[in-house]
1. Do any strands (runs of 3 or more DSSP E) lying entirely in the stretch B:1-90 carry at least 3 residues that are out of contact with any Ser or Thr (no Cβ under 7 Å at 6 or more places or on another chain), and which ones are they?
2. Select from the stretch A:230-240 the residues that are in contact with a Gly (Cβ under 9 Å, 6 or more places away or on another chain) and either in contact (Cβ under 8 Å) with a residue 60 or more places away in the chain or among the hydroxyl-bearing types (Ser, Thr, Tyr) (or both) and list them in ascending order.
3. Can you tell me which residue in the stretch A:178-193 is modelled with the lowest pLDDT, limited to those that are more than 18 Å from B:ILE96 (Cβ to Cβ) and within 10 Å of another protein chain (Cβ to nearest Cβ)?
4. Can you work out which of the residues in the stretch B:22-59 that are away from chain A (no Cβ under 14 Å) and without any contact (Cβ under 8 Å) to a residue 60 or more places away in the chain is farthest from A:GLY189 (Cα to Cα)?
5. If we keep just the residues of the stretch B:104-142 that are within 14 Å of chain A (Cβ to nearest Cβ) and surrounded by fewer than 16 Cβ atoms within 10 Å (Cβ to Cβ), which is modelled with the lowest pLDDT?
6. Could you please find all residues in the stretch A:109-161 being charged (D, E, K, R) and either more than 21 Å from A:SER175 (Cα to Cα) or surrounded by 11 or more Cβ atoms within 10 Å (Cβ to Cβ) (or both)?
7. Could you identify the single residue in A:SER50, A:SER59 that is touching a helix residue (DSSP H, G or I) at 6+ places or on another chain (Cβ under 9 Å), modelled with pLDDT of 90 or more and of a type in the set (S, T, N, Q)?
8. Could we say that A:ILE167 is surrounded by 14 or more Cβ atoms within 10 Å (Cβ to Cβ) and either within 20 Å of A:GLY234 (Cα to Cα) or in the same structural domain as A:LEU200 (by TED's automatic domain parsing) (or both) here?
Amino acid sequence: MESLSDQAISPVGTNSLDPVSREFYDRRKVFVKKLAYRLLVIILFIAIWSLFAQFAQSSYIPTPFGVAKAIAQLVVNGDFEGYSLWRHAWASFVRVLSGFSLALIMGVTLGLFMGLFPVLYDTTKVIIEPIRFIPPLAWIPIAIVLMRGFSRYVFIIWLGAFFPIFISVLASIPSVDPILKDVIKVYGGTRFDIIKKNILPCVTPEILSGAKIGLGVAWMCIVAAEMIGGENVGLGRLILKYADLLKTNEIVVGMLLIGIIGYLSNEAMLGLEKYLFRWRTKITL
Amino acid sequence: MSFTKPKVEVDITHRFGDLLVLDQIRFDVYENELLCVVGPSGSGKTTLANIISGLLEPSEGSVKLDNKPVNPRKQNISYVFQARSCFPWRTVKDNIGIALELKGVSRVEVQKRISDVLKIVGLTGFENYYPNQISGGMKQRVAIARAFCVESDLLILDEPFGSLDAQTRYLMQSEVLRVWEKMKRTVIFITNNIEEAVFLADRLVVFSNAPAKIIKEVGVGLPRPRVLTHPDFLSIRGAVSRLSDVARDV
């Protein structure tokens, strides 16, 4: 967010363009520069990786070229069971999204509810807190026994993503400014108005930072769940299939895709944050 | 004026637990009157404002507005808080408009009233700014604009200029007077500043140290605009100061 004073300080003499197109020009220059640096980092990384692979001289070490070939192979022909790379990625993505969405809805409503009525949390704490510390991975065997197919994955992901969201919403309720609540009350607002116009906007940053953590945990869980359970499709499954064959290039493709999807969804979330919280001076990353 | 029925009737005593805060506070406010409550800090003035606005229930007694117990859900009350009361995620425009939104005023009407009141408080051009982009004085003007754009039966201002520098404070006082003269409201203005109280008020209620009692009610019959250095002004100001001093010695 630019303040008025920023334009006033800009050096005299460079201002041949009008302020608006000047700003646009500056921004584009910064953007191109950033892009160039990032590209350079990627190239450097690949170069070091190739060098390392070259020295190691082992067919088990994945190489950039090998990975590229594996990508092409997996996209065009699919894996040895005929599932293409997209089907693997899509299957995992849908599972993560379903479990995560459920966790988001439940985390926010339950977090709000228990934050607003602390007695509820205080009495149920003895159940909730121990469950929170059981890693989702520990639930996998039970999930395999008790559930089947899709619900299994959703359950594991929900477990992983729910608690970070729930806890951050719950913890943010006491930080809501009581004066703003009084403003709403004095102008005739109801309890519902207080929730909608004060509490919810106040805790949205907390919801989003909880969601960002939850999303990371969700990806961790999906891979583990897919490795152990059921269907033959999914990125975690892809990694495991090729692990059995000791084909490391294909394994790296699976890993890479998880990394990239996770990165992109986090960027999308940051973009949303930037848009929603333009009233803030700084964005915490 | 004294023959008409009072608009607001305050008759309360308040305790926080065992701590007596307000001791038999009893005064009336008349329609379109600007009444100042002046007292030292820590004398329970904000508690008084919260009780009069209906946000807080008094331990004893009641506050009546138009002969009915005060209730913000049923009556129109405006309140400018001492603390900053801007919603950081709302623009200046939407911060002002929230009071009207809560009253269920139509969107078109809200826009019209906001642009009217923006002009009065001198915030035109800043309607789309967020609170973190404007100064403290402007934030307080937002709160004042919010309070003025509602057609309220009672307007309460609780040390609205407490944190402002002398210059801005003087400017804002004149502004409040200007708005009040233009839009005619019944106003209770709470302050710890005697000069400010004498400058603004039709009538003063002077509070003692905690637990607050009313020392005296003082009518200020000076014509407006008042001049801070005029002998009449100074003599009233002096008299009010002495009232407070006497109370401190007792």
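The values are calculated or read from the model by the stated rules, or taken from the named source; none is laboratory data. Values in this document were obtained by computation on a predicted structure and should not be read as measured data. Positions of Cβ are generated from backbone atoms using ideal geometry, with glycine treated the same way; all protein chains shown enter the neighbour counts.
1. Where strands (runs of 3 or more DSSP E) fall fully within the stretch B:1-90 and carry at least 3 residues being out of contact with any Ser or Thr (no Cβ under 7 Å at 6 or more places or on another chain), they are B:8-16, B:19-29, B:34-38, B:60-65.
2. Listed by number, the residues that qualify are A:GLY230, A:GLU231, A:LEU235, A:GLY236, A:ARG237, A:LEU238.
3. A:PRO178
4. The selected residue is B:ASP28.
5. B:SER135
6. A:LYS125, A:GLU129, A:ARG132, A:ARG148, A:ARG152
7. A:SER50
8. Yes: the conditions hold for A:ILE167.
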